[in-house]
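The values are calculated or read from the model by the stated rules, or taken from the named source; none is laboratory data. Only a predicted model underlies this, so the values are computations on that prediction, with no experimental measurement involved. Cβ: placed from backbone, ideal geometry, glycine included. Neighbour counts: every protein chain shown. Side chains are part of the model used for accessible areas, which takes the heavy atoms of the whole protein and leaves out ligands, DNA and RNA. Shrake-Rupley method; radii C 1.70, N 1.55, O 1.52, S 1.80 Å.
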Amino acid sequence: LKLLIENKSNIVTFEEVAKIYWNEEWNNKYSLYSLAKVIEKLRKTMKENKVPLNYLLTVRKRGYMLYD
């Protein structure tokens, strides 16, 4: 979330998110499916905290972006 906030209104690539989330093991653990699960959990937490779901966008084939 911090990476997305720091890059608000800019696309953060899938790989950039994976490197932050899994650190040095990102290359072994990263897949689009596993990353989608991480983002799913983030969206669930956002919903529970009344943050609009359209605030976190998936940019097809590129990454994610926070938008307001």
_Wholly within the range 1-50, helices (runs of 4 or more DSSP H) carrying at least 3 residues that are within 10 Å of Y64 (Cβ to Cβ)_ = 14-22, 32-48
*So, of the residues in the range 31-49 that are in contact with a helix residue (DSSP H, G or I) (Cβ under 8 Å, 6 or more places away or on another chain) and open to solvent by 50 Å² or more (accessible area, probe 1.4 Å), which turns out to be nearest to R60 (Cα to Cα)?*
L32
